[in-house]
Each structure stands twice: as structure tokens, then as C-alpha cells.
Amino acid sequence: MKQKLLSFIFVLTCLIGVTYAQNRQVTGKVTSATDGSPISGVSVAIQGTSSATQTDQEGNYSLSISGQVTLSFTSIGFVSQNIETFNRNIVNAQLVPDQSTLDEVIVVGYGEQNRTLSTQSVSTIKAESFKNTPIQTPQQILQGQAAGVNMVNSSGVLGAEAQITVRGGSSLSAGGRPLYVIDGVPLNSAGAEYTQTQGGSSGLNPLLNINSSDIESVTVLKDAAAVAIYGSRGSNGVILIKTKSGASGKTKINVDYFNGFSHPTADIDDMMNAQEWIQFRSDYLRANGATVPNFPTTSFDWLDAAVRTGKVNNIAVNAQGGDEKTRFYLGGNYSKETGFTISNAMDRLAGKISLDHNVSDKFKVGVNYNLSRVDMDRINSENSTYAPLTAAYLFLPYVTPYDENGEFVNTGFIGNFLAIDATGINKNYSNRQIGNAYAEWEIFEGLKAKTDFGIDNYGIDEKYREADILTPGGYAYRTHNTDNKWLNTSTLNYNKRINDLHNVGALLGYSYETAKLTQLLLEGSGFASDDLPNVGSASTPITTSEEVYEWALQSMFARANYGYADKYLVEGSFRRDGSSRFGPNRKYGNFFAVSGGWVISNENFFNKDNAYIQSLKLTASYGTSGNDGIGFYNYYGTFAGGNDYMGGAGLVPFRVANRNLSWEETAQFDLGLSARLFNRIDFQFNFYNKNTTGLLSDVPYPYTTGFPSASQNVGEMRNRGFEFAINSENIKRENFSWTTSFNIGFNKNTVLSLPVNPDEDGRNFLAGNTEQRAIEGYSRNSFYLIRYKGINQQTGEAEWFAKDGSTTTAPTAADRVIVGKADPNFQGGITNTLRYKNLDFSAFFNFSYGNDVYLDGIEFTDNFASGSYNKSRMLLDYWRQPGDNAYAPALNSDTRATFAQTSTKNLFDGSYLRLKTVQFGYTFPTELLSRTNFFSSARVYFLAQNIWTVKAKDFRGDPEISANGASNLIIGQTFFALPQPKTFTFGVNFGF
């Protein structure tokens with residue numbers, strides 16, 4: 001036994017000795033390849049293992065290794081390097097600074113620029129930021145990702161338009177949308193004009209037909225230097241969407257599939273059930289000496305019937321490849337989604353082809369073509385009692401959708417949305433073609449001529465049918481709208497670097513575009529049978545309407561830029577637009593911008609290899625842009641047809657002529673600072689001041705003229721603010737990385753002047769609606785309301801503040817004051833992305849602060865006096881005895897009928913912080929996939945959206961709401977708008 005033990009100890013000792021002999025210490029120093037300075041914090045790892053260390057302040061490191069290994073040297077701001085040790089015990093490394101972030105190319109109007117040498121203020125979101133993320137519409141890419149861009153979803157209705165403002169709203173009555181440009185084609189975006197109104201004010205999403213998986217980047221042009229090149233359409237900002245194109249090399253095929261489900265993020269209100277409502281109503285009638293009727297004993301949960309589990313399925317397939325001569329991209333997408341509200345669904349089929357071909361070394365041609373088909377089940381929304389959610393809140397809880405035989409019943413003014421879903425038709429079909437073909441000739445080195453022909457052909461059909469159960473005899477309409485555009489853009493572009501010192505660039509261009517919008521409407525009632533779905537079967541025609549609008553825009557533009565020694569930058573642009581939308585006296589307008597930049601970090605006195613600041617640039621710009629979104633023929637003096645005059649056809653004066661009608665003009669000053677700090681942080685700051693003059697507005701006319709108002713260029717408005725954006729590589733190791741992106745934008749909107757229309761305090765104003773108006777000296781979206789004080793604990797009466805601040809139980813319209821605003825003080829977003837080996841995790845928060853939201857629906861759900869609608873459970877907390885701190889007044893209070901009136905009781909702080917997306921993913925190792933000889937990449941992921949929200953304690957519903965879409969004068973209001981969906985999605989991505 002003893003001998004065995006000694007033998008074991010001997011063998012163990014030998015093994016330890018051998019192991020010790022195999023391990024050795026490797027040391028070294030890591031320095032900069034440019035000046036030899038030591039680099040601290042460099043990760044030194046043994047490739048293929050978890051063994052790693054970091055360099056100290058002097059750049060030194062020490063690491064224990066065994067045998068011959070490969071060391072990986074990685075550090076933020078430097079190109080990674082791999083070095084084999086062989087038999088060396090000292091391994092030094094020299095790292096080259098990574099210039100990729102400094103030399104990034106950005107998309108600008110009619111071209112591209114180096115970000116470092118550009119004087120323009122733009123925000124770019126690249127495909128890497130939203131790769132493998134289930135995005136249904138491109139606007140989702142923008143939310144919280146670009147400083148100074150405020151994107152608010154109008155509602156949870158599929159296909160609804162979002163409200164997007166770039167550096168604040170720049171108009172009152174003209175168009176409020178940014179200009180969308182897809183691969184150089186400015187889109188038609190009439191929005192609400194494409195569809196029949198169904199209660200809501202929000203139009204169709206203008207990017208509804210764009211497949212997000214085909215997008216390579218989204219760039220927002222913000223300052224005058226960037227938007228002036230788009231002239232009369234740039235004042236609301238310009239959003240450039242670049243789709244994917246071919247690339248030389250082996251053909252790559254990518255398949256992305258995801259499916260998921262959704263629920264509403266929040267309920268607007270907690271409503272009474274049948275028992276609670278009957279008890280409350282009975283107590284109310286007794287308290288006021290009225291007879292209590294025999295209420296029905298039935299009950300039905302209408303909210304439960306309106307809401308379901310939404311579902312989404314999406315598959316996208318694309319192929320990319322080519323050689324040095326010909327490159328191609330083919331993409332296809334099919335998406336099927338049902339909303340979390342009954343009757344709301346959307347199917348989309350989209351395809352894209354991109355082809356570029358070098359005819360010779362000097363001449364190339366190409367084509368981009370996007371084709372899509374959307375089939376949508378629409379629902380009434382917002383201010384319509386046929387809207388599922390609105391009806392579900394308002395229905396008396398004892399009303400049922402069926403009779404004793406199980407047949408649908410007509411529920412009257414509030415529509416039986418279950419019957420609508422089962423027996424009606426509410427469809428929207430749209431087909432869209434967006435594309436362009438180009439030819440480019442390099443005349444000589446540096447000078448290129450290019451001509452581009454583009455189209456945007458948009459066709460929308462709507463079919464609506466109500467059965468006899470809802471409208472006796474039945475009702476139907478059919479619309480057919482086409483908006484077809486073609487354009488040609490020809491440019492000369494010169495770029496030359498001379499003696500490695502002078503950068504010279506020039507752009508000269510001409511464009512012409514024209515579009516025709518045709519709208520047909522057929523409407524009828526009286527059908528012999530519900531089995532006859534078409535409006536042509538109606539016995540009683542109601543409307544036969546055709547309207548045609550045509551417009552054209554002719555433009556000449558130029559841009560020149562010069563850079564000396566990559567340090568001193570100047571740029572100027574000019575555009576002259578001629579538009580058929582404006583009067584003959586003001587048909588042409590000139591727009592310009594001048595800008596300059598100083599790249600301080602390229603000065604000789606600047607040590608670029610210091611550990612603190614690697615890049616530093618100052619920019620400034622000033623320029624003008626316009627807004628032509630005023631319709632088509634508003635300068636004409638027109639007559640309206642279709643009028644009956646003594647039994648015959650007649651015409652009546654409709655609009656006053658204004659030969660001087662022109663675009664609004666926005667002048668903008670911008671001051672910017674950008675830097676790269678500590679070799680890991682990209683920082684950008686911008687201050688801007690935007691002044692819009694010649695605001696388009698309807699000016700009231702004297703009653704004796706016979707015209708209520710006419711469009712004129714009057715008024716002035718200012719947006720002033722600043723933006724921060726930070727992209728930080730917090731940790732960068734071989735097996736672990738952590739990056740953070742943060743942006744925030746501050747904006748203050750002020751109306752400077754308006755047409756003469758004084759309020760009670762002598763301030764000129766323009767009313768958006770009862771609750772919201774633009775007032776001189778204040779925001780264009782100021783809430784003008786009676787101030788609610790609360791319930792008097794001793795009397796049980798609801799109380800308000802009079803204009804002078806005294807308490808009253810009977811306020812009037814004259815007691816209204818400015819109580820808040822719908823536009824936020826600031827908004828932004830923050831994203832954190834972590835990667836450990838093949839696992840990745842990201843979390844994105846967006847936020848808004850300082851905006852108010854008015855909930856119109858509370859005027860119904862808190863209405864004591866009416867017995868026609870259901871009530872909020874909050875009314876059960878009514879005053880009963882002195883000392884009660886109650887929500888609602890006493891049942892017999894004199895203020896019971898005015899408790900729910902328009903006042904600040906229904907105005908809430910709309911500030912919020914939302915965990916917008918959380919994503920987990922796993923990418924399969926390449927070495928594993930290589931064994932299959934089939935897959936080049938594979939990833940699985942899970943994503944949750946809108947899963948957690950911090951909001952004001954008393955807010956009732958979803959604070960992320962603006963049900964009027966791209967409206968200017970009315971934002972931040974809702975009448976039972978659908979909240980945002982809370983979505984959980986599972987997906988896979990394969991590369992071949």
C-alpha cells in the first residue's frame with residue numbers, strides 16, 4: 001500500500017512538473033502605430049479561450065499562456081490585431097487608429113458626403129440598428145432614434161398615420177408632414193385625402209406600402225444647409241430612405257421570419273358592469289326625486305368583445321450579389337397582421353428589385369423598383385360610435401348584441417360592432433409602385449452627369465357596406481383614388497481633390513415632376529338583399545362624385561462646397577421652385593443656404609492621438625426652405641357645381657381668388673459641435689432657431705361678402721431648441737461588448753403673430769377646436785380651458801376657478817385660460833446593446849416630457865346626468881357626507897350636470913418613459929454552420945415591444961397618443977383612440 005502511494009505521488013509530481021513547464025508568462029507593450037504612445041485598457045486575449053487581461057496606464061500587460069497561441073489585441077477606436085506568439089515571451093503590438101467612424105459616408109440631398117467634412121446637420125439610422133427587428137412601418141425606425149425628431153403614433157389602428165415633427169411644427173394650416181424621399185423619388189403623401197373619413201382624423205400612413213426589410217438607411221435632414229436643396233418642400237424636414245442594392249461577390253440569400261401576438265398596452269378607463277351601473281343609476285334617480293324604472297336584467301361585456309389577441313406573421317426573403325460589372329438585389333415580403341381590436345387586419349405583399357450595370361468604365365445604368373399590395377380590414381376609429389373601442393366604452397352594460405333567438409339586434413346610435421364585423425364590408429385595397437431608372441456618365445475624372453426618371457403610382461380602392469340590420473334597406477359606398485406621379489431629375493456632379501489639399505465639389509441640377517390625383521365616389525342605399533354587396537345594386541343613388549387635381553413643380557438647384565486641408569469647410573446651395581399650387585404673382589420662389597465648418601482636430605496644433613479628443617468640429621449654417629402643402633387650386637376664384645337652381649343645374653361662388661398666394665417660408669440658423677472623445681464616444685450638439693413667415697391661414701371675411709374666409713399668407717412662428725446625441729462604445733472586448741446610444745431634443749414653439757382675431761385678453765388666436773388653439777406669444781398647441789379645482793369636501797359641489805382665480809360652481813367660457821400645451825419640452829431615446837460571445841441583448845427606451853394630453857372621452861364616461869352611456873367606475877367614489885375626499889360630486893349636486901364639461905379635469909400630464917423594445921438573440925457560431933455547407937449565418941431572437949411605461953399617476957390610458965395624425969393645430973388629444981400594442985415576437989434569420 002505504501003509503495004502504491006509513493007508511486008502515485010511520484011506520477012502526480014511529474015505531471016505537475018510537466019504542466020508547469022508548459023505554462024509560461026508572456027509580457028509586452030501596446031502602443032499607437034502613429035506616434036508610439038502607450039495605449040491603456042487594451043484587451044489582450046488568447047484566441048478561442050476565455051483567458052484575457054488588460055494593458056495598464058503604460059500600455060504594459062502580462063498573460064500566462066501554454067504552448068503556441070494567438071493573442072487578440074482589441075481596443076475602442078483602434079483596428080483589432082491578432083499576433084501569434086510562437087516561442088516568444090515578449091510580444092509587443094502597435095494598433096492603428098480606426099478611422100471608419102470618422103470617414104463615414106452619409107446620404108444628403110442628391111448625393112453623399114463624408115460625415116467629418118460635411119457642414120450639414122443630419123441624423124442617420126442604419127439597417128444594423130433595426131436588423132432582425134419586427135418593424136411594420138418605417139416610421140418606427142425613427143422613434144427615439146434621431147435627436148430633434150418627435151414621432152408619436154396616432155393610435156393602435158393598423159395603417160394609421162403617425163405624427164412626425166422635425167425640430168418642432170413649422171405650420172398652422174398647411175401640410176405638417178416631412179417630405180419623404182425613397183431612392184430619390186419624393187413621395188405623394190396626401191394622407192387623409194386618400195380615404196373616406198370613418199370617425200378619426202388620422203389619414204393613412206404614407207409609408208404603409210414600404211417594406212422595412214428592404215431599407216438600408218433612414219436619414220433625417222434637419223438644418224437649413226441640409227433641407228434648402230429641397231426648396232419649397234423642406235420646412236417640415238426631409239426624410240431620405242435608401243433601399244438596399246446589389247453588391248459584388250458571391251450571391252447571398254437571407255430569410256427572416258417572425259411571428260407574435262399583441263395586446264393593448266392600457267385601458268382608457270375602468271367601466272361599470274351592469275350591476276354597478278343599475279345600482280348607481282338607481283341611486284342617482286332617487287337622489288333627484290325621479291322614478292326608478294325596471295332596468296333589464298341582462299348584461300354583456302362589450303370591452304371584452306372588442307378586444308382580442310392580435311397576431312402577426314411576417315416573412316422576408318432577399319438575394320444580393322453580382323460581379324464588378326453587374327450587381328443585383330431582389331427582395332420579397334409577405335406580412336399578415338390582425339390588430340388587437342375586432343375587425344382590424346392588414347395583409348401586405350411587397351417586392352423590390354435593384355439592378356446596376358456598368359456598360360463601360362465611364363457609363364453605367366440602373367433601376368430601382370418597389371411594388372406592393374395592401375389588403376386592409378378597416379374599422380371606424382376615434383369620434384365615431386361605430387368604432388369598436390368607442391362603442392365598447394359607451395354601451396350601456398345591460399345592452400346585448402343578440403336577441404333571445406341569438407340574432408343580431410340594431411343597437412341604435414351606438415353601433416353593434418359585432419354585427420358590423422359579421423355582416424358588413426369595410427375594405428381598403430392599395431397598390432403602389434415606386435421606382436426610378438437612371439443613367440450615369442463620367443465625362444472625365446471627377447465630373448459625372450446623371451439623369452433619373454422616377455414614378456410613384458398609388459391606387460386605393462375602398463369598399464364599404466352596411467347590412468339591413470344596421471341601416472334599414474342597407475347602405476354602401478365605393479371609392480377609387482389614384483395618385484400618379486412621374487418626375488425627371490438631371491444633375492451634373494463634380495468632386496475633385498487637388499494636391500491633397502483642396503476638396504472641391506459642385507452640383508447642378510434640374511427637375512420636373514407632375515402628379516394627378518383622381519377621386520371617384522359612388523354612394524347609395526336601399527338594397528333588395530344583404531347578399532348584394534356592390535353599390536351598383538342600390539335602388540337610391542346618394543352621391544356620384546369625381547374630382548381631379550393636377551399639379552406640377554419645376555426646379556433648378558445648385559450646391560457648391562469647398563474644403564481646405566480638411567480643416568476649413570464652406571458650402572452653399574440654391575434652389576428655384578416654380579409650383580402650380582400658387583398664384584401667378586408668386587409662382588416662383590428662391591431658397592438658399594450657406595454653411596461653414598472648422599475641423600479643429602485637423603489643425604497642426606491639435607494632437608489627434610491624445611487620449612481625450614480624437615475629432616472636433618464646429619459648424620454653422622443659415623438658410624431658407626418652404627412649405628407648399630396647401631392643396632391644389634386655393635389661389636383660384638372658383639365656383640362649385642352640383643347645385644340645384646330652380647329645378648336646374650347651377651353654380652355658386654365657392655372661393656375668393658388670391659393671385660399673391662404663396663408658400664410659407666422658414667429661415668433657420670444652426671450652430672453645431674461634434675466630437676469623438678476618449679476613442680469611444682461620438683458626441684453631437686446642435687442649437688437651432690427656425691422662423692416661419694407667411695403662415696398660410698384662413699382669414700375671416702366680412703359677412704357681407706358671402707365668403708366665410710380665404711387663404712392668405714399671414715402670421716409668423718418660431719421654433720427654437722437644441723439637441724444632443726451620444727454614441728458610446730462603453731466596453732469592447734473579444735467576447736464582450738457594450739454600446740449605448742442616447743439622444744435628446746429640446747424645442748420651444750412660439751406663435752409670433754396671427755391675423756387680427758382677438759380673444760378676451762386681446763391676443764390674436766386661431767382655434768384648432770374647442771380645447772386647443774394657437775395664441776400669439778404661446779405654443780401653437782396651447783390648451784385653453786376652464787381650470788378645475790375639485791370637490792368641496794364640505795358641500796359635495798364640484799368647483800372650478802373663474803378667470804380671476806376665485807372659486808365658482810358655475811364657470812363660463814369667459815373663464816378659460818391657457819393651461820398647458822400639447823408639444824413636449826423635450827423627447828428622445830436611449831438604447832443599450834450588450835453582446836457576449838454569440839448572445840446579444842438590447843433595450844430601447846423612448847421618452848417625452850412636458851406635454852399635456854386631453855382625453856375627450858372622459859366627457860362621456862364621467863357624465864352624471866346622462867343615462868344613455870356607461871360610466872367610469874371612478875364615479876362610484878361620489879361625495880356622501882361632509883369631510884369626504886371624493887372624486888365626484890354628490891348625486892344631487894347642482895354641479896352634477898357640468899362635472900364632466902370641458903375643463904382641466906380631463907387634461908393630463910402626458911410625459912412618459914417607455915421601455916419600447918427588449919430583444920434577446922443568439923447567433924449560431926460560424927464554425928458550426930460551416931459544417932453544414934449550407935448556412936452562412938443563423939440567428940434566433942425574441943423581441944418584446946411597449947412592455948413597460950412610466951407615466952403620470954392619474955393618467956387614464958396610453959400617453960403615447962395623438963389621434964389627429966399629421967394635423968398641426970390639434971395634437972395630443974384622443975376620443976377613445978386605440979392604445980399602442982404590447983407585442984411579443986419570436987423570429988429566426990438564416991443566411992445562405
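At a glance:
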quantity	calculated
Filter pass, Ala560 being surrounded by fewer than 17 Cβ atoms within 10 Å (Cβ to Cβ), aliphatic (A, V, I, L, M) and either at pLDDT 95 or above or not assigned by TED's automatic domain parsing to the domain that holds Gly505 (or both)	yes
Residue in region 631-651 that is buried (at least 20 other Cβ atoms within 10 Å of the Cβ) and of a type in the set (Val, Ile, Thr) present	no
Strands (runs of 3 or more DSSP E) wholly inside region 156-222 containing at least 2 residues that are modelled with pLDDT under 90 and touching a strand residue (DSSP E or B) at 6+ places or on another chain (Cβ under 7 Å)	163-166
Some residue of region 726-747 being surrounded by 16 or more Cβ atoms within 10 Å (Cβ to Cβ), closer than 30 Å to Gly583 by Cα and of a type outside the set (Lys, Arg)	no
Conditions (1) among the charged types (D, E, K, R); (2) in contact with a Lys or Arg (Cβ under 6 Å, 6 or more places away or on another chain); (3) within 21 Å of Val157 (Cα to Cα): number failed by Arg478	(3)
Test set (1) farther than 26 Å from Gly715 by Cβ; (2) in a helix (DSSP H, G or I); (3) modelled with pLDDT under 75 - Gln140 fails condition number	(3)
Residue tally, condition in a loop (DSSP other than H, G, I, E, B) and either in contact with a strand residue (DSSP E or B) (Cβ under 8 Å, 6 or more places away or on another chain) or under 30 Å from Asn607 (Cα atoms) (or both), over region 49-69	8
Failed criterion for Phe591 (all others in (1) in a loop (DSSP other than H, G, I, E, B); (2) of a type in the set (Phe, Trp, Tyr); (3) closer than 20 Å to Ala226 by Cβ hold)	(1)
Pick from region 862-871, criterion of a type in the set (S, T, N, Q) and modelled with pLDDT under 95, ranking: surrounded by the most Cβ atoms within 10 Å (Cβ to Cβ)	Asn863
Region 79-96 residues that are over 16 Å from Ala52 (Cβ atoms), paired with ones that are basic (Lys, Arg) (beta carbon under 6 Å, 6 or more apart)	Asn92/Lys29
Complete set of residues in region 860-896 that are in contact with a strand residue (DSSP E or B) (Cβ under 8 Å, 6 or more places away or on another chain) and of a type in the set (Gly, Ala, Ser)	Ser872, Ala886, Ala888, Ala890, Ser893
Selection from region 759-777 of residues that are assigned to a strand (DSSP E or B), more than 14 Å from Arg816 (Cα to Cα) and not aliphatic (A, V, I, L, M)	Asn764, Glu776
Residue within region 279-293 that is under 30 Å from Met376 (Cα atoms) and surrounded by fewer than 17 Cβ atoms within 10 Å (Cβ to Cβ) present	no
Single residue of Asn892, Asn933 found to be of a type outside the set (Ser, Thr, Tyr), over 23 Å from Met151 (Cβ atoms) and not assigned by TED's automatic domain parsing to the domain that holds Gly331	Asn892
Unmet requirement for Asp301, which otherwise passes all of (1) surrounded by 15 or more Cβ atoms within 10 Å (Cβ to Cβ); (2) closer than 23 Å to Arg873 by Cβ	(1)
Number of positions in region 368-389 that are of a type in the set (A, V, I, L, M, F, W, C) and within 19 Å of Ser212 (Cα to Cα)	3
Among the candidates Glu337, Glu324, residue that is charged (D, E, K, R), in contact with a Ser or Thr (Cβ under 6 Å, 6 or more places away or on another chain) and either assigned by TED's automatic domain parsing to the domain that holds Ile434 or surrounded by fewer than 16 Cβ atoms within 10 Å (Cβ to Cβ) (or both)	Glu324
Segments classed as strands (runs of 3 or more DSSP E), wholly inside region 657-742, with at least 1 members that are of a type in the set (Gly, Ala, Ser) and under 30 Å from Phe765 (Cα atoms)	664-677, 696-700, 709-713, 716-732
Qualifying residue in region 751-758 (condition: surrounded by fewer than 16 Cβ atoms within 10 Å (Cβ to Cβ) and not assigned by TED's automatic domain parsing to the domain that holds Gly828)	no
Hits in region 594-606 (condition: part of a strand (DSSP E or B) and either loosely packed, with under 15 Cβ neighbours inside 10 Å or over 32 Å from the mean Cα position of the chain (by Cα) (or both))	Trp598, Val599
Identity of the residue in region 579-604, modelled with pLDDT under 95 and among the small types (Gly, Ala, Ser), that ends up nearest to Thr624 (Cα to Cα)	Gly589
Residue in region 517-555 that is farthest from Asp670 (Cα to Cα), counting only those that are hydrophobic (A, V, I, L, M, F, W, C) and surrounded by 17 or more Cβ atoms within 10 Å (Cβ to Cβ)	Phe527
Matching entry among Ser282, Ser360, Ser299 (being touching a residue at least 24 places away in the same chain (Cβ under 8 Å), of a type in the set (Ser, Thr, Tyr) and out of contact with any strand residue (DSSP E or B) (no Cβ under 8 Å at 6 or more places or on another chain))	Ser299
Phe742 vs. criteria under 30 Å from Thr124 (Cα atoms) and under 29 Å from the mean Cα position of the chain (by Cα)	yes
Those residues of region 352-381 which are hydrophobic (A, V, I, L, M, F, W, C) and assigned to a strand (DSSP E or B), in sequence order	Ile353, Leu355, Phe363, Val365, Val367, Leu371, Val374, Met376
Single unsatisfied condition, Tyr398 versus (1) assigned to a strand (DSSP E or B); (2) at pLDDT 95 or above; (3) in contact with a helix residue (DSSP H, G or I) (Cβ under 8 Å, 6 or more places away or on another chain)	(1)
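Every residue, every condition in (1) under 30 Å from Gly415 (Cα atoms); (2) buried (at least 19 other Cβ atoms within 10 Å of the Cβ); (3) modelled with pLDDT of 95 or more, yes or no:
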{"residue": "Trp441", "(1), (2), (3)": "no, no, yes"}
{"residue": "Glu445", "(1), (2), (3)": "no, no, no"}
{"residue": "Phe453", "(1), (2), (3)": "no, no, yes"}
{"residue": "Glu462", "(1), (2), (3)": "yes, yes, no"}
{"residue": "Pro472", "(1), (2), (3)": "yes, no, no"}
{"residue": "Ser490", "(1), (2), (3)": "no, no, yes"}
{"residue": "Arg497", "(1), (2), (3)": "no, no, no"}
{"residue": "Leu501", "(1), (2), (3)": "no, no, no"}
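The values are calculated or read from the model by the stated rules, or taken from the named source; none is laboratory data. In this text the structure is predicted, and so the values were computed from the model without any measurement. Reconstructed Cβ throughout: ideal geometry from the backbone, glycine too, with neighbour counts over all protein chains shown.
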